[in-house]
Every structure is written in C-alpha cells, then in structure tokens.
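Take a look at the structure below.
The values are calculated or read from the model by the stated rules, or taken from the named source; none is laboratory data. Computed from a prediction, not measured in an experiment: that's the story for all the values here. Cβ sites come from the backbone with ideal geometry, for glycine too, and all protein chains shown count toward neighbours.
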Amino acid sequence: MSLEHRILVVDDEAGVGRIIEAVAADIGLEVLVITDSEQFDQAFGSIAPTIIFLDIVMPGRDGMEIVGQLGMQGYTGQIVLMTGSNPLYLQMTSSVAWARGLGLVGMLIKPFRKKQVADLLTELIKKPHGIVSYRCLLLQKDRLVGIELIDASTDAAALEKAREYLAGSSFTTLELWAGSRRVGIIDNK
C-alpha cells in the first residue's frame, strides 16, 4: 500500500464507495470508505487522508458542512466532490471550497464509471515534480458544468493549454485557477 497517498471516501451509497475502493486498491492505495457522514471526524483522524472523495448530499452532515470544516482546519489535501443530485449543488459547494482555499481537484457526477475514477486517481498521484495542476472551470452560459485539470509548469503555459482546450470544445467560458488564485478567464468566441 502507498503511504504517500491515503484516500477517504465519504458517501452514503455503499456501491459508490466500493467502486472507488476497487480502483484505488488496483493502484495500490490505502482506502477507507465510510457511509455515515457522522463518522467523518473519526475516519479523518485515523487515516489522515491526502485525497477525499466527498458526496455532497447525504443524511446527517452533508458535503457542504464537511467542506466548511475542512476549510476551518486548513486541510491541504485534494478533494473530489461527487453528486447524483442537481449539479447546482456542485457549483455551490465548489464555490465554498475555493473560497476557503481548499484543493478541489475534481467532480464526479453519478453514476460514473470505474475508468473515470481510475483516470482521475492516476493523474492525481503521478504528477512530476515542478508541475502544478491548474483547475479549469468549464462554464456554459455562466453555469458551471465541469472541471478539468491542466498540468503545467507556469501560468503562461497553463493559459495556452486552456485556450487550446476551450477552442476545441462547446463551452462558452473557462476560468483557470491555481489553488485559490484565479489565473485568468477565457471566452470561447
């Protein structure tokens, strides 16, 4: 098991946790899955996760509340938000995460496939030294519809990659972020 990366999955749907757990285990990562958000504090303390897969809509403590707590604690790991509900919940929760300086690195809309999880995890754990992951917020008519990651060594290189990505897409706008710092906004005209 990798000691460098530890994953905590928080989702009230056991099947979702099993998918992520299976993919992570294939890569050799340590994983803890909880289906009761009230167990979050204990699980967080026991595994000290470097990556958290967090469902937004759950009974008890929801993902928004947990994101707020992580922000107050100064969590420096990576967060992947998940929902099978209205994507607007992703937009609201991601706004809170970025405002608190959290490392939001991805979003998964349920149902998702194992390959999506595998691709995301592989990207998160195999980044070369000196390369930064920039978040690209993909907007369609001012509504957040997705997030992509662009790896680059400088803001200028990231902006160039973002322009190329946007030119080949149907999205209207792309916002590029490095941590809690907005690098730029590109309109697809």
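Overview of values
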quantity	calculated
Matching residues in the stretch 163-177 - criterion: being touching a Phe, Trp or Tyr at 6+ places or on another chain (Cβ under 8 Å) and either surrounded by fewer than 16 Cβ atoms within 10 Å (Cβ to Cβ) or over 16 Å from Val105 (Cα atoms) (or both)	none
Selected residue [closer than 25 Å to Arg18 by Cβ and small (Gly, Ala, Ser)] from Gly106, Gly101, Gly68	Gly106
In the stretch 31-67, the residues that are crowded, with 17+ Cβ neighbours inside 10 Å, in contact with a Lys or Arg (Cβ under 7 Å, 6 or more places away or on another chain) and not hydrophobic (A, V, I, L, M, F, W, C)	Ser37, Pro49, Thr50
For Val80: the one exception among (1) over 21 Å from Asp26 (Cα atoms); (2) at pLDDT 85 or above; (3) surrounded by 20 or more Cβ atoms within 10 Å (Cβ to Cβ); (4) not aromatic (Phe, Trp, Tyr)	(1)
Per-region count, the stretch 101-122, residues modelled with pLDDT of 85 or more, touching a helix residue (DSSP H, G or I) at 6+ places or on another chain (Cβ under 6 Å) and either outside any helix (DSSP H, G or I) or under 12 Å from Ile52 (Cβ atoms) (or both)	1
Failed item in (1) under 25 Å from Lys114 (Cβ atoms); (2) free of Cβ contacts under 8 Å to residues at least 40 places away in the same chain, with Ile27 passing the rest	(2)
